[in-house]
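Report on the following structure.
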Amino acid sequence: MAKETLSITDNRTGKNYEVPIEEGGVIRAMALRQIKTGADDFGLMTYDPAFTNTASCRSRVTYIDGDKGILRYRGYPIEVLAEKSNYLETAYLIVKGELPDREHYQRWEHNIKIHTMVHENIKKFMEGYRYDAHPMGMLVGTVGALSTFYPDAKNIHDLESRRLQTRRLIGKIPTLAAFAYRHTRGLPYVYPDNDLSYTGNLLSMLFRMTELKYKPNPVLERALDVLFILHADHEQNCSANAMRAVGSSQPDPYAAAAAAVAALYGPLHGGANEAAIRGLMEIGSVKNIPAFIKAVKNKERRLMGFGHRVYKNYDPRAKILKAMAEQVFEVTGRNPLIDIAVELERIALQDDYFISHKLYPNVDFYSGIIYQAMGFQMEMFPVLFAIPRTSGWMAQWAEMVRDPEQAIARPRQVYIGEQIRAYTPIEGRPKPTMREDAVSEAI
Ligand code: ACO
């Protein structure tokens with residue numbers, strides 16, 4: 001039988017090394033440290049900016065096969081969960097690893113709902129933001145501020161404390177998100193209505209006006225629920241990595257979650273669906289698509305909402321959303337951008353450039369069109385992403401805290417700066433020129 005090892009010859013020394021291959025295709029980076037030219041040599045390390053080929057953890061939460069277009073939470077295919085589950089049940093699955101029975105589900109739902117209120121001081125805190133503050137910036141701040149309201153959350157090695165913070169944050173994040181939205185609109189904040197479902201209550205806190213009781217449209221409530229299922233986790237993405245990296249220094253999870261929200265804020269992550277919508281708006285009409293495709297192929301443009309670091313096939317979430325868009329439009333009226341998107345996809349998927357580069361629609365290609373049809377301003381898109389992703393962040397964080405192999409996240413670097421230099425007193429330093437250029441480049 002073939003050995004599960006890798007043989008390495010160091011041509012500098014002629015020495016041979018045998019490194020174990022684990023999990024069917026993983027070598028430990030530390031196994032390279034033994035490869036040295038001499039006693040003073042630090043040993044080999046890998047250089048992998050952006051972790052494109054480095055696993056930073058072992059995880060049981062989410063499985064992705066990017067070539068086949070597979071996404072599963074705890075072993076359950078995303079298509080099945082989107083059809084049969086709801087967000088709160090999926091959140092339970094993600095956080096706890098199993099689907100709940102009825103009794104556990106009811107207890108979980110109750111335990112989330114009793115945490116939907118926020119301290120009145122949080123409201124005052126939010127009032128301090130400028131009238132035109134970005135809701136995602138407000139969310140970064142308020143999630144971080146929760147840290148000061150729950151000092152008990154520092155007890156991260158206590159299971160009951162971790163459970164409590166998880167329920168608290170999943171319960172409160174819709175409230176923080178809705179307050180941020182109402183703030184941007186100059187509207188009074190709406191308190192949670194726990195008679196409603198998780199997404200029904202969110203719609204109430206966002207859109208309720210003078211009516212005594214808000215009645216969410218069931219189609220939109222379900223659509224939001226499906227969107228939340230699809231966005232609940234995506235293994236070691238930028239924000240999950242931020243949650244784990246910040247959490248690894250062992251602050252309370254609110255501080256780590258604030259970092260995760262900040263990571264999600266960027267246009268390359270949670271902000272990509274806004275870029276996709278802007279791209280479609282710019283194309284403006286189906287007749288302009290061929291010229292746009294030509295510009296993309298000439299590398300003058302990028303087709304936002306297409307391509308993915310991991311998926312080299314159709315993103316399974318995009319498939320679900322494409323079908324769901326039509327149901328939403330029956331309630332909201334048709335978003336004309338959908339016709340441009342569908343035609344763009346049809347042309348792109350027959351084009352050699354897209355086929356050879358394995359570029360397919362990703363989740364952001366259709367999600368923004370749906371959010372826009374539902375009446376959300378673009379600034380709210382990443383906020384709507386952050387709400388369900390909270391369950392993923394908490395699951396990833398809890399897994400990291402319990403993993404004996406994890407330590408404070410602290411990568412190595414390849415130092416390319418100056419070697420030791422002598423300090424010259426200020427009056428003896430050469431005239432600026434080169435030095436100033438170097439300084440201005442650095443900031
Ligand atoms: N349009 C046109 N060409 C593209 C696109 C695109 N959307 N995406 C990748 N390519 C091309 C690149 O030009 C490159 O071509 P080359 O090899 O001829 O030079 C090749 O495909 C590989 O592209 P990279 O950017 O190296 O791939 P990477 O894995 O680093 O990037 C990313 C993935 C950032 C998602 C990229 O596909 C992209 O920018 N897409 C548009 C933005 C977007 O939709 N982001 C959302 C991702 S999903 C999410 O975060 C929830």
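The values are calculated or read from the model by the stated rules, or taken from the named source; none is laboratory data. Computed from a predicted model, the values in this text were never measured in an experiment. We place every Cβ from the backbone using ideal geometry, glycine too, and count neighbours over all the protein chains shown. Accessible surface areas use protein heavy atoms only, side chains included; no ligands, DNA or RNA. Shrake-Rupley method; radii C 1.70, N 1.55, O 1.52, S 1.80 Å.
If you filter region 129-148 down to residues that are open to solvent by 30 Å² or more (accessible area, probe 1.4 Å) and not in a helix (DSSP H, G or I), you find that the one that is nearest to residue 384 (Cα to Cα) is 134. In region 263-283, what residues are small (Gly, Ala, Ser) and either open to solvent by 50 Å² or more (accessible area, probe 1.4 Å) or touching a Ser or Thr at 6+ places or on another chain (Cβ under 6 Å) (or both)? Result: 263, single match. Checked against (1) open to solvent by less than 80 Å² (accessible area, probe 1.4 Å); (2) part of a loop (DSSP other than H, G, I, E, B); (3) not charged (D, E, K, R); (4) not assigned by TED's automatic domain parsing to the domain that holds residue 236, residue 39 passes all but condition (1).
Could you tell me which residue of region 16-36 is farthest from residue 415 (Cα to Cα), considering only residues that are among the hydrophobic types (A, V, I, L, M, F, W, C) and surrounded by 13 or more Cβ atoms within 10 Å (Cβ to Cβ)?
Filtering region 16-36 for residues among the hydrophobic types (A, V, I, L, M, F, W, C) gives 19, 21, 26-27, 29-32, 35.
Imposing the further condition that a residue be surrounded by 13 or more Cβ atoms within 10 Å (Cβ to Cβ) reduces the set to 19, 21, 27, 29, 31-32, 35.
Values: 19: 26, 21: 29, 27: 24, 29: 18, 31: 21, 32: 19, 35: 19 Å.
Ranking the qualifying residues of region 16-36, first place goes to 21.
Only a single criterion out of (1) more than 13 Å from the ligand (Cβ to nearest atom); (2) open to solvent by less than 40 Å² (accessible area, probe 1.4 Å) is not satisfied by residue 404, namely (2).
Against the criterion of being within 12 Å of the ligand (Cβ to nearest atom) and at pLDDT below 95, residue 273 qualifies.
For region 301-363, which fully contained helices (runs of 4 or more DSSP H) count at least 1 residues that are touching a residue at least 12 places away in the same chain (Cβ under 8 Å), more than 9 Å from the ligand (Cβ to nearest atom) and open to solvent by less than 40 Å² (accessible area, probe 1.4 Å)?
Qualifying helices (runs of 4 or more DSSP H): 316-332, 337-348.
Please indicate, with yes or no, whether at least one residue in region 64-76 is of a type in the set (Asp, Glu), within 30 Å of residue 100 (Cβ to Cβ) and surrounded by 15 or more Cβ atoms within 10 Å (Cβ to Cβ).
No, region 64-76 has no match at all.
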